[in-house]
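The values are calculated or read from the model by the stated rules, or taken from the named source; none is laboratory data. What you see is a predicted model, and the numbers here were worked out from it, not measured in a lab. Cβ coordinates were reconstructed from backbone atoms using ideal geometry, including for glycine residues, and neighbour counts include every protein chain displayed.
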Amino acid sequence: MSDRSEHIVVVGAGAAGLMAARELARAGKRVTILEARDRCGGRIHPLPAAQFGYAADGGAEFVHGEAPVTRALLHEAGLSLQAIEGTQRSFDGTKLLREIHHDPHEAELHAALNDLKDDLTVADFLRRHFAADEYARMRHSIRRMVEGYDAADPERASTLALREEWMNGGHGMQARIVGGYGALVAFLAAECRGHGVAIRFGAVVSAIEAGRGAVVRCTGGEVFACDDVILTVPLPLLREIALPEAVREKASAADDIGFGNVVKILLRFTRPWWRDGAADLDDLTFLLSDETIPVWWTQRPAEHPVLTGWFGGPRTAELSGLDAQDLVDAGIDSLAAMFARPRDDIARSVVAAIAANWARDPFARGAYSWATPRTRAAQTILARADGPVLFSGEALYRGRDMGTVEAALASGLETAETILRR
Ligand SMILES: Cc1cc2nc3c(=O)[nH]c(=O)nc-3n(C[C@H](O)[C@H](O)[C@H](O)COP(=O)(O)OP(=O)(O)OC[C@H]3O[C@@H](n4cnc5c(N)ncnc54)[C@H](O)[C@@H]3O)c2cc1C
């Protein structure tokens, strides 16, 4: 076929794969996406609106900070963002408190971070500068953020990579897409198809061979010949695909990139019972605690009677034996403790529930990546376009918010541009 030299296979129909495919197809390339699941989106997991009363997200939910690629796409798609508004609380084991953002040692923390020249792990940084008893609360909240928010292991996580987050006192503006991330995925998938991209579901790639071009093999026996293949699978899945030796060697750089796990639980209730009582929780957004499922949030400013539970980081391994119903039960126990309510009352008011330990998802094996002190060097190796097999996806993003949808979209775009420049 005359267009044989134009063919590019993209492995994975997540944000990175769809973005790369669209750019390549728009530039006239023939593109095939091979996706193991029976849907697009990957770690963006839209749930049916009927289940939770709105287009809920079982995977990615928030748009963090500036996110220029995401915002440009939303603009193109005619979609809008709704900023999160309200009050954050914490539970100290006995009562709900208005979350205090300022630690008395914050200035010392900033000074130590400012002076940092060479990278070291967060745990080493805290041991070196803040080992004394007086810093115990600050150490606790830093570990809680590194584990809970970044899903990272403080013993391996890069202090330099996290410095900007801490220096800004948070993660910038957070918002949700009206219509959920599913609306963005639907737009991208329609764009891909509109430009002639073939999206094959249930296509589990098991091996890639490289020569002048590449040959991609699926577990079902299908074989695809192409000129370039873009691998956007989550990092743990790279180990499950047979790769040519040189590519395998390059892929081993991924060992220097952290990959964290998350447990996410959505509970829909008959009514927003947490607003009853004296605690003035009408505008509750996030609630932080040390319960088994430690973080919860509402859909504020939307009024849906839904609470979302979140547990991130290496300690999620302690829950690896729990199935979805066990996780829902653990979530209800945590809520009962925080709100001092009988667990049966809470359980009885549940209308719909979903829980996922993402480490158990066969095509994710975790939630998202985070930086170690060696990650930037690893990303440079992985991003090298030195053959027909290219790596892309959130873990390759060298900007500030790796591990996000923005990171995946930006990486997909960058990989497509690299191919188009060749
Ligand atoms: C619970 C959870 C909550 C999150 N919350 C947020 C958030 O609020 N905001 C945010 O910005 N980010 C969030 N993230 C992170 C965000 O979802 C990811 O960073 C982003 O979606 C990754 O996109 P990707 O294209 O790189 O990878 P993926 O979305 O994982 O896409 C890769 C695709 O490859 C497929 N695949 C895997 N193996 C194979 C194979 N062998 N053959 C063929 N296909 C294969 C997968 O099925 C998948 O569709 C969250 C992630 C999780 C899990």
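The sole residue among G59, G86, G78 that is at positive phi and in contact (Cβ under 8 Å) with a residue 60 or more places away in the chain is G86. Among the criteria (1) in a loop (DSSP other than H, G, I, E, B); (2) within 12 Å of the ligand (Cβ to nearest atom); (3) assigned by TED's automatic domain parsing to the domain that holds P234, the one R365 does not fulfil is (3). Pick from segment 334-361 the residues that are more than 16 Å from the chain's Cα centre (by Cα) and assigned to a loop (DSSP other than H, G, I, E, B): which of them is nearest to the ligand (Cβ to nearest atom)? Per the stated criteria, the residue is S349.
When segment 26-38 is filtered for residues that are surrounded by fewer than 23 Cβ atoms within 10 Å (Cβ to Cβ) and closer than 19 Å to Y368 by Cβ, the ones remaining, listed by number, are A36, R37.
Conditions tested, residue by residue: (1) touching a residue at least 12 places away in the same chain (Cβ under 8 Å); (2) more than 16 Å from the ligand (Cβ to nearest atom); (3) not acidic (D, E).
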site: E6; (1), (2), (3): yes, yes, no
site: L24; (1), (2), (3): yes, no, yes
site: G28; (1), (2), (3): yes, yes, yes
site: Y54; (1), (2), (3): yes, no, yes
site: G65; (1), (2), (3): yes, no, yes
site: R71; (1), (2), (3): no, no, yes
site: L74; (1), (2), (3): yes, no, yes
site: P104; (1), (2), (3): no, yes, yes
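Tell me whether segment 37-48 contains one or more residues that are under 14 Å from F187 (Cβ atoms) and either among the hydrophobic types (A, V, I, L, M, F, W, C) or away from the ligand (no atom under 14 Å from the Cβ) (or both). Among the residues of segment 37-48, at least one is under 14 Å from F187 (Cβ atoms) and either among the hydrophobic types (A, V, I, L, M, F, W, C) or away from the ligand (no atom under 14 Å from the Cβ) (or both), which makes the answer yes. A single entry from T380, T316, T375 fulfils the requirement of being within 14 Å of the ligand (Cβ to nearest atom) and either without any contact (Cβ under 8 Å) to a residue 40 or more places away in the chain or of a type in the set (S, T, N, Q) (or both): T316.
Can you tell me which residue within segment 383-407, out of those that are more than 13 Å from the ligand (Cβ to nearest atom) and buried (at least 18 other Cβ atoms within 10 Å of the Cβ), is farthest from R71 (Cα to Cα)? The extreme case among them is P388. All of E99, E76 fail the test of being modelled with pLDDT under 95 and either assigned by TED's automatic domain parsing to the domain that holds G399 or not small (G, A, S) (or both), apart from E99.
The criterion of at least 1 residues that are more than 13 Å from the ligand (Cβ to nearest atom) and closer than 20 Å to A337 by Cβ is met by the following strands (runs of 3 or more DSSP E) wholly inside segment 221-295: 262-269, 284-288.
State yes or no: is R212 in the same structural domain as Q51 (by TED's automatic domain parsing) and within 13 Å of V11 (Cβ to Cβ)? Criteria not met by R212. Inclusion of R212 among residues that are assigned to a strand (DSSP E or B) and more than 30 Å from G312 (Cβ to Cβ) is not warranted.
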